[in-house]
Amino acid sequence: MKENGLLEVIAAHRTMEDLDKILKKDKDYQEALVEEQAASDQMEDLEFTEEQKKVVDRVITAYNHCGAVYGAAAYRFGMEDSVRLLKELGEIA
């Protein structure tokens, strides 16, 4: 898919604006946030050195980035499949 194409624009809008509204009401996501905070609090209790905190931060950041890139690609892939299916069904030109 070409960069900044229509699907890319839709995906960006849906994931950056609409998703935030949905997640505020999503019970599973809200529970995950609570769990995330509890884990963060536990890590703070370990009293890591600044160097150790930076290493842990880099690892967590890398995991989060990888998951975000994967999720964005999966979303775009699903959008492309939807368009392809609608074309096959004759719903769009």
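Some notes on this structure:
- The aspartates and glutamates whose alpha-carbon is closer than 19 Å to the alpha-carbon of Lys27, local same-chain residues fewer than 8 away aside, are Glu17, Asp18, Glu35, Glu36.
- Note on the stretch 14-93: percent of Cα-Cα distances in each 5 Å bin, starting at 0 and stopping at the bin with the largest distance, equals 3, 11, 11, 18, 16, 13, 11, 6, 4, 3, 2, 2, 0.
- Taking the accessible area of the chain, probe 1.4 Å, and keeping the other protein chains in place, the carbon and sulfur fraction comes to 57%.
- Rounded to the nearest 0.05, the FRET efficiency derived from the C-beta distance between Asp41 and Leu19 at R0 = 25 Å is 0.45.
- Average accessible area per residue (Å²) across the chain - probe 1.4 Å, nucleic acids and ligands excluded: 88
- For the chain, the 222 nm mean residue ellipticity estimated from helices alone, with every DSSP H stretch of n ≥ 4 adding -39500 (n - 2.57) and the total spread over all residues, rounds to -26500 deg cm²/dmol.
- Acute angle (nearest 10 degrees) that the helix 50-88 long axis makes with the longest principal axis of the chain, alpha-carbon atoms: 10
The values are calculated or read from the model by the stated rules, or taken from the named source; none is laboratory data. Note that the coordinates shown come from a computational prediction; the quantities given were computed from them, not determined experimentally. Here the Cβ is made from the backbone with ideal geometry for all residues, glycine too, and neighbour counts use every protein chain on show. We work out accessible area using only protein heavy atoms, side chains counted, and drop any ligands, DNA or RNA first. Shrake-Rupley method; radii C 1.70, N 1.55, O 1.52, S 1.80 Å.
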